[in-house]
Every structure is written in C-alpha cells, then in structure tokens.
Amino acid sequence: MQPALVTRGLKKDYVLREISVRALQGVDLTVEPGEFVAIMGPSGSGKSTLLHLVGGLESASGGEIHLGIAPVHALLDHDLTLLRRRKIGVVFQFFNLLPTMTAAENVALPLLLDGVPARTAAMRAGEALAWVDLVDRADHTPDRLSGGEQQRVALARALVTKPDVLLADEPTGNLDQASGERVLGLLRRACKETRQTVIMVTHDPAAAARADRVVFLHDGRIIDELRGPGLSVEAVVHAQFRLAG
C-alpha cells in the first residue's frame, strides 16, 4: 500500500539578518494511511516547520515530500493550491475561524472555494458538524462558542473535504483538559472509523500518548520514536527526559 506521506532528506533554511539558520536538517519520515503520528520536541526543534512543509504552507530548501503519489516539493503554485484544498486538512491551536461566519458557514467554506454547489456544501457541513456533535451550534458565530466548541468546528472544517492527511498543530494547546480530551477523542475516532491519517504537533505527553507513534525532533533532526501498543504518558515523559539528558 502506498504510504500516506513520505519525506526524504527534508531541509529548511531561514535567513535571519543575513544569517542562515537551518530549521530542518534532513528529515526522513514515513506515515502510513490511517496512522496517528505525534511529533514532539523542544521549542525551536522544527516541529511546526515540518508540519508547514508537509502542508505546502512553506517551501522546502531541499529534499522531497510525497503526499501519496503527489510530489509536494515539485508542484507549481496552482497545483499546490488544489492539493492543499482537496487533500490536506489543517487544525491550528487558535482555531482560525472567520469571526463573521456561523459555524456551518465556516465548515462549508473549503467546499465552496472548491466549486461545490452551495446546497451540497451546506449538507456536507451539517454532516461534519453532526460528527463533532455541534449541530445545535450550527448558526452560532465563533464569539458565541466556547474554545472547545470552536476547535471542534475547526476540526469539522478540516475534515469536511475528506482529506488524505489531517495536520494538527497543537490542537489542544489552547483548551482546558476536558475540551482537549474531547478533541483528541475525535482525532482517534477519525483514524479508527475512516482510516484518516493524522499528524499532530504537541508538547503535551498526554496528547502524544493518544497517537500510534511519537516522533521526537531535536535541532531539526528525528532522534527517536516510540510506538504502541503500550504507548503511555509515562513512556512519553520518560523518553523526553532521556533525550533531554
């Protein structure tokens, strides 16, 4: 079976005040369809940079990214835009909902941008909101929703296009424990029910322990990984301390 994601020798350089800083130093990563992978590491280790490159939000300085059979690193702007719109879902820490739109309108937006008829988009948005148990909030704007509800709307929006890969950047970082657990439960459920591939950046060992595999980055390199069964919060914390030492 074709992997959902493959990166080979992935590099990213940033120029800061005429000084080049390498954020990623040759990352090789393979993620299988339906796999839930958590990425951990200290601040500045390259976690979010890796997610941005995979999602086509930034261009790589070197190496390859393959999303299924699509060579993300080699796509022209138009093709990359279509790939992001149709094959990649993204959930951010701070929700990124449009404040003047209702929950249903926010969820339907990716479909409308891709030319899906309004009636079909509204129907699919309703189904996505039902999946995250927010049908009764469909007509609420973000300012009338709790943080946890906003993140579930954002998750519905990311999944409404049925993407090949869902990227989640600290999806529980701005939530209380109960709301965070609910979002993680939905991510886990998406993997189980629809074989959704999920790649999540997190600093939280409890969130990482919900994944099938935890990949540890340090100074732009993958230095270790843990995988289930038996993946636990204690195992993740122990690995963090061991790698830090």
- Message: Below 20 Å, Cα to Cα, which aspartates and glutamates can residue 192 reach? Residues fewer than 8 away in the same chain don't count.
- Response: 32, 35, 127, 133, 164, 181, 212
- Where the Cα atoms of the chain are projected onto their three principal axes, how long is each span, largest first, in whole Å? 51, 43, 43
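Starting from the Cα-Cα distance between residue 221 and residue 193, subtract it from 0.36 nm times their residue separation and give me the gain in nm to one decimal.
Values: separation 28, 0.36 × 28 = 10.08 nm, distance 3.22 nm.
Gain in length upon complete extension: 6.9 nm.
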- Note on the structure: Once the in-chain neighbours fewer than 8 apart are removed, the lysines whose Cα is under 23 Å from residue 12 read 47, 87
- Sorted by chain and then number, the residues having a modelled amide H within less than 5 Å of the amide H of residue 39, at least 5 places away or on another chain, are 200, 201, 202, 215
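Translational D (Stokes-Einstein, µm²/s) of segment 9-79 at 4 °C and 1.567 mPa s when Rh comes from the Kirkwood sum over C-alpha pairs? Each step should come with its number before you reach the end.
Numbers: Rh = 13.2 Å.
Answer from the Stokes-Einstein relation: 98 µm²/s.
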- Could you pull out every residue, at least 5 positions away or on a different chain, whose amide H is within less than 5 Å of the one on residue 224? Hs are placed 1.01 Å off N in the peptide plane, and Pro or chain starts have none. 216
- Task: Give the order of 116, 153 when sorted by the count of other beta carbons within 10 angstrom, beginning with the fewest.
- Result: 116, 153
- Residues in segment 210-241 that a label on residue 61 would reach, taking backbone N under 20 Å of a point 7 Å out along Cα→Cβ: 217-223
- So what are segment 1-45's ellipsoid semi-axes, whole angstrom, largest first, if each one is the square root of 5 times an eigenvalue of the alpha-carbon gyration tensor? 27, 13, 6
- Mind giving me the nanometre distance, one decimal, between the label points for residue 82 and residue 20, set 7 Å out from Cα along Cα→Cβ? 3.4
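Using the Kirkwood formula over every pair of different C-alpha atoms, what hydrodynamic radius in Å results for segment 192-245?
Values: mean 1/r = 0.0844 Å⁻¹.
Hydrodynamic radius (Kirkwood, Cα pairs) of segment 192-245 is 11.8 Å.
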- Take segment 113-245, compute every pairwise Cα distance, and split them into 10 Å bins from 0; I just need the percent in each bin. 11, 38, 31, 15, 5, 0
- Message: Let me see the P(r) profile for segment 1-138: every Cα-Cα distance counted, bins of 10 Å, each bin given as a percent of all pairs.
- Response: 10, 33, 32, 20, 5, 0
- Determine the distance separating the Cα centre of segment 5-60 from the Cα centre of segment 138-157; give it in Å without decimals. 29
- Karplus couplings for segment 97-102 from phi (6.51 cos²θ - 1.76 cosθ + 1.60, θ = phi - 60°), rounded to Hz, Gly and Pro as x? 7, 7, x, 8, 9, 6
- Classify segment 65-180: rounded, prolate or oblate, from the alpha-carbon gyration tensor (a ≥ b ≥ c, eigenvalue square roots; a/c under 1.5 rounded; otherwise prolate if a/b is larger than b/c)? oblate
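Laboratory data are not the source of any read-out in this text; all were calculated from the coordinates shown. Remember, it's a predicted structure, so these values are computed and weren't measured experimentally. All Cβ positions, glycine included, derive from the backbone under ideal geometry; neighbour counts span all protein chains shown.
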